[in-house]
Amino acid sequence: MPADSLNILLIEDNPGDARLFKEALKEAYGAKFELVHCGSLARALDELPKTHSDVIVVDLGLPDAFGIDVVRRTRESAPATPVVVLTSRVDEALGLQALHEGAQDYLIKGQLDPQLLSRALRYAIERHRMQVALQSESLMDELTRLYNRRGFMALAGTHIKSAERTQTSFSVVFIDLDGMKHINDTLGHLEGDRALVEAASLLSRSTRQSDILARFGGDEFVLLITTTEKNAADSIRRRLQEQLDACNAQPGRRYRLSFSTGVVTAGVDRSVSLEELMAEADALMYRQKQQKKGLA
């Protein structure tokens with residue numbers, strides 16, 4: 001049982017689902033929780049300044065809001081508080097989509113056993129705190145304003161714990177900006193820095209809010225794709241290529257930008273460390289780079 005009391009704001013219009021949620025909380029936390037229950041989003045947003053909640057749990061089907069709009073409006077009103085969504089089995093895809101909009105986790109109604117609920121709330125709070133901490137200079141790359149190596153390892157490690165709990169897959173992408181030595185040697189390191197900043201911007205625009213993107217060092221970037229959607233990595237690579245094509249088509253460019261990538265997916269049937277996944281993705285990236293040079 002958690003040692004500290006937990007303050008929870010529950011936004012749920014179904015009295016039966018609210019009762020089951022409270023019963024699961026009692027089993028998980030005993031008397032060490034405070035629950036504020038609101039039946040509509042409008043009422044919950046009015047209560048927010050008074051609740052001082054540690055976590056907000058919100059149903060995606062409310063009388064005055066539905067689906068992803070619920071997550072967006074909740075996060076806009078309470079950006080400093082982690083959000084966990086409630087969804088039904090038939091609407092589980094909405095739960096996954098909610099993660100892309102910044103929710104920390106989702107729970108399926110009818111499967112709220114006390115242990116699962118306790119871990120989901122705890123990890124949601126931990127991940128949110130980690131994301132806040134990652135805004136500090138020590139965990140951000142000064143040049144690109146992406147996470148640095150330390151920030152990536154910390155946040156990715158937290159996500160992997162959650163993925164193991166929920167038995168969901170994720171992918172690691174190792175990315176290298178091609179031609180950096182040529183840019184530095186012919187145009188100078190200042191232009192090389194501009195190329196890195198431009199590359200970081202292209203990568204950011206090609207990924208989703210829930211993905212974890214970092215400059216790992218030099219001209220290397222790493223991405224953790226936090227979704228279980230089929231072909232998610234292919235979708236990101238397609239968007240990235242579209243961004244590259246548009247960038248390289250600009251008049252007056254002195255060089256083209258391109259990336260070499262390696263992608264490895266960790267499925268639910270494969271237990272492997274983050275470091276091993278990154279090493280595999282790095283090897284695949286290097287193989288692609290050598291093929292481009294005609295050396296493979």
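The values are calculated or read from the model by the stated rules, or taken from the named source; none is laboratory data. What you see is a predicted model, and the numbers here were worked out from it, not measured in a lab. Backbone-built Cβ (ideal geometry, glycine too); neighbour counts: all protein chains shown. Please note that ligands, DNA and RNA were not included when accessible areas were found on the heavy atoms of the full protein model with its side chains. Shrake-Rupley method; radii C 1.70, N 1.55, O 1.52, S 1.80 Å.
Quick one: what do you get for the chain if you divide its Cα Rg by 2.2 N^0.38 Å? Mind dumping the intermediate values first?
Working: Rg = 21.6 Å, N = 296, 2.2 N^0.38 = 19.1 Å.
Dividing the Cα radius of gyration by 2.2 N^0.38 Å gives 1.13.
Can you compute the charge dipole magnitude of the chain about its Cα centre, using +1 on each Lys and Arg Cβ and -1 on each Asp and Glu Cβ, nothing else charged? Give it in debye, rounded to the nearest 20. Walk me through the intermediate numbers first.
On the way: 37 positive and 42 negative charges, 114 e Å.
It comes to approximately 540 debye.
I'd like the orientation of helix 15-29 relative to the chain: the angle between its Cα long axis and the longest Cα principal axis, in ° from 0 to 90, rounded to 10.
Relative to the chain, helix 15-29 is tipped by roughly 80 degrees.
Per residue and in Å³, how big is the convex hull formed by the alpha-carbon atoms of segment 60-202?
Numbers: hull volume 19.6 nm³, N = 143.
Enclosed volume per residue, from the Cα hull, is 137 Å³.
Accessible area per residue for the chain in Å², computed with a 1.4 Å probe and the full protein assembly in place, what is it? Kindly include the intermediate steps, with their values, before the conclusion.
Values: 14540 Å² over 296 residues.
Ligands and nucleic acids excluded, the result is 49 Å² per residue.
What is the angle, in °, between the Cα long axis of helix 68-77 and the longest principal axis of the Cα atoms in the chain? Nearest 10 is fine, range 0 to 90.
90 degrees
Over all alpha-carbon pairs in segment 1-46, figure out the percentage whose distance exceeds 11 Å.
Pairs farther apart than 11 Å: 66 percent.
Tally Lys/Arg at +1 and Asp/Glu at -1 over every other residue whose Cβ is under 11 Å from the Cβ of Gln243; what's the total? Please report the intermediate quantities before stating the final value.
Details: positive: Arg205, Arg237, Arg238, Arg239; negative: Glu198, Glu242, Asp245.
Counting the neighbours of Gln243, the net charge comes to +1.
Going by amide H atoms built from the backbone, whose H comes under 5 Å of the H on Leu86, apart from near neighbours?
Val58, Asp59, Leu60, Leu107
At 222 nm, what value in deg cm²/dmol follows for the chain if DSSP H runs of at least 4 each add -39500 (n - 2.57) and the sum is divided by all its residues, to the nearest 500? Intermediate results must be reported in sequence, preceding the final value.
On the way: 10 runs with 146 residues, N = 296.
It comes out at -16000 deg cm²/dmol, rounded to the nearest 500.
Tally up the carbon and sulfur contribution to the accessible surface of segment 210-296 as a whole percent, 1.4 Å probe, everything protein left in place. Please report the intermediate quantities before stating the final value.
Numbers: 2200 of 4730 Å².
Carbon plus sulfur share of accessible area: 47 percent.
Given a 1.4 Å probe and every protein chain left where it sits, what share in percent of the accessible area of segment 11-128 is carbon and sulfur?
Details: 2600 of 5300 Å².
Of the solvent-accessible surface of segment 11-128, carbon and sulfur hold 49 percent.
Using the Cα centre of the chain as origin and beta-carbon charges of +1 (Lys, Arg) and -1 (Asp, Glu), tell me which of Ser273, Val55, Gly110 is placed farthest towards the positive end of the dipole.
It is Ser273, whose Cα lies furthest towards the positive end.
Defining a contact as two alpha carbons under 8 Å apart and six or more residues distant in sequence, what relative contact order in percent does segment 3-127 show?
26 percent
To check you understand DSSP bridge types, tell me what percent of the beta bridges within the chain (both residues inside) are antiparallel, rounded to 5. All intermediate terms of the calculation are to be shown ahead of the outcome.
Details: 22 of 41 bridges.
In the chain, DSSP labels about 55 percent of beta bridges as antiparallel.
Report, in debye and to the nearest 20, how large the dipole of segment 81-178 comes out about its Cα centre when Lys and Arg carry +1 and Asp and Glu carry -1 on their Cβ.
Details: 11 positive and 12 negative charges, 87 e Å.
Dipole size: approximately 420 debye.
Go ahead and set up a Gaussian network model of the chain, Cα springs under 10 Å, then flag whichever of Gly16, Gly151, Gly61 fluctuates most.
Evaluated over the chain, the most mobile residue of the options is Gly16.
Which angle from 0 to 90°, rounded to the nearest 10, does the C-alpha axis of helix 274-293 make with the longest principal axis of the chain?
30 degrees
In segment 141-202, carbon and sulfur make up what percent of the accessible area (probe 1.4 Å)?
Details: 1430 of 2790 Å².
Roughly 51 percent, rounded to a whole number.
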